[in-house]
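The next block holds one structure in the form of structure tokens; read it before the comments.
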Amino acid sequence: MNVFPGIDAYRPSGRPVCVALGTFDGLHRGHRAVVDAVKAAAARRGGAAVVTTFDPHPLVVIAPPREPFLLSTIEERIALFEATGIDALVIVRFDASVRGMSAADWLGLLQARFRPAGIVISSTHTFGRHREGTAASMQVWGASCGIEVTIVPPVTNGGVTISSTSVRDRLREGDVRAAAAWLGRWYTVRGGVVAGEGRGRQLDVPTANLSVPPEKIVPAQGVYAAYASVGGQTYRAAVNIGVRPTFGPGAFSVEAHLIDADVDVYGQIVELAFVERLRPERRFPSVDALREQIAADVAEARVLLEINRSFSPDWR
């Protein structure tokens, strides 16, 4: 997969081009349907499947959220797209000039840069200043200039339309199972391991404290069973997200205890794949009561993660 850092950087391969348009935060199942459609359209023409994504996320420019909201950083998105088998990813910088483009100007830019034989979008796709362009209007435009515009209908699960917003809502509720079903994979958070307060070691459960990008959404406060990947190895883990209220409360943290593993991960990058929320975070009357609960959490996570070793988020 070729990655182009800007729409002006894109260089055609000489084959017919089919382009999928969107931001694709999280690359959930609805997004994957669009990607699959653009791959199919390109294959029919013996052409190249190209996808665009925005960085920063348009919301950062239009209405900056007050809390973390990204399902995928741009680095994570690149890795996710790499696994789809597309030919090229074009990262469009979303700034004031792009925000201010009329729908007509945006379409003109797409036509000039990609010379597309086909364009693929979701049925909810909007574009141009004040979102004046719609999927229907793009299809009319495409017909007028010989470009086939394919509109992909929503993907639903359990009667709910899968969207980045719906996945974020599930994560903020701590429902990582539903989020995984809608993403088509475990939801992951990655970060470097930094020094903490040493509380875990005092409780005989040493933890790795992750420094997570501030814009990246993490699941609701609580205790989770997760897989932890570091240095090419994967471990079972019990993860606490929150403020450790028994001791404070303290600063917000994401702490992972690697189950049945004695490895030094300080300074390394750890990726957590969330499988199940075990319980909400709460304050305990004593350190001994907390220690007893942590032991129970670790035991539950150990069993659950062994059961889920071959689990696929396609379970629904």
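Restricting Asp25, Asp95, Asp87, Asp55 to residues that are over 18 Å from Glu215 (Cα atoms) and of a type in the set (D, E, K, R) narrows the list to Asp87. Listed by position, the helices (runs of 4 or more DSSP H) enclosed by region 54-151 that each have at least 3 residues that are farther than 27 Å from Met1 by Cβ and at pLDDT 95 or above are 103-114, 135-144. If you go through region 65-105 and keep only what is in contact with an Asp or Glu (Cβ under 8 Å, 6 or more places away or on another chain), among the aromatic types (Phe, Trp, Tyr) and under 22 Å from Gly184 (Cβ atoms), you end up with just Phe69. For region 13-53, the set of residues classified as surrounded by 15 or more Cβ atoms within 10 Å (Cβ to Cβ) and in a loop (DSSP other than H, G, I, E, B) consists of Pro16, Leu21, Gly22, Thr23, Phe24, Asp25, Gly26, Leu27, His28, Gly47, listed by residue number.
Looking only at residues of region 276-291 that are in contact with a helix residue (DSSP H, G or I) (Cβ under 6 Å, 6 or more places away or on another chain) and part of a loop (DSSP other than H, G, I, E, B), we find that the one that is farthest from Val212 (Cα to Cα) is Phe284. Tell me which residues, restricted to region 256-302, are of a type outside the set (D, E, K, R), surrounded by 13 or more Cβ atoms within 10 Å (Cβ to Cβ) and more than 20 Å from Ala228 (Cα to Cα). Answer for region 256-302, where residues must be of a type outside the set (D, E, K, R), surrounded by 13 or more Cβ atoms within 10 Å (Cβ to Cβ) and more than 20 Å from Ala228 (Cα to Cα): Phe284, Val287, Leu290, Gln293.
Would you confirm, using the coordinates I've provided, whether Arg45 is among the basic types (Lys, Arg) and under 15 Å from Lys216 (Cα atoms)? No: the conditions fail for Arg45.
Screening Leu71 against (1) surrounded by 22 or more Cβ atoms within 10 Å (Cβ to Cβ); (2) over 20 Å from Glu271 (Cβ atoms); (3) aliphatic (A, V, I, L, M) leaves a single unmet condition, (2).
Across region 230-260, the qualifying residues are those that are of a type in the set (A, V, I, L, M, F, W, C) and modelled with pLDDT under 90, and the one among them that is farthest from the chain's Cα centre (by Cα) is Phe247. If the condition is being surrounded by fewer than 14 Cβ atoms within 10 Å (Cβ to Cβ) and touching a residue at least 40 places away in the same chain (Cβ under 8 Å), then region 224-255 contributes no residue at all.
Among the residues of region 164-172, is there at least one that is surrounded by fewer than 18 Cβ atoms within 10 Å (Cβ to Cβ), modelled with pLDDT of 95 or more and over 30 Å from Leu278 (Cα atoms)? The answer is no; no qualifying residue exists.
Results for (1) free of Cβ contacts under 8 Å to residues at least 60 places away in the same chain; (2) within 17 Å of Thr52 (Cα to Cα); (3) polar (S, T, N, Q), shown as yes or no for each residue.
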{"residue": "Phe94", "(1), (2), (3)": "yes, yes, no"}
{"residue": "Ala112", "(1), (2), (3)": "yes, yes, no"}
{"residue": "Ala135", "(1), (2), (3)": "yes, yes, no"}
{"residue": "Thr161", "(1), (2), (3)": "no, no, yes"}
{"residue": "Ser164", "(1), (2), (3)": "no, yes, yes"}
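Pairs meeting the criteria (first residue in region 200-222 and at positive phi and at pLDDT 95 or above, second residue among the small types (Gly, Ala, Ser) and in a loop (DSSP other than H, G, I, E, B), beta carbons under 7 Å, at least 6 apart or on different chains) are Gly222/Gly174.
The values are calculated or read from the model by the stated rules, or taken from the named source; none is laboratory data. Keep in mind it's a predicted model, so treat the numbers as computed, not measured. So basically every Cβ, Gly included, is an ideal-geometry build from the backbone, and we count neighbours across all protein chains shown.
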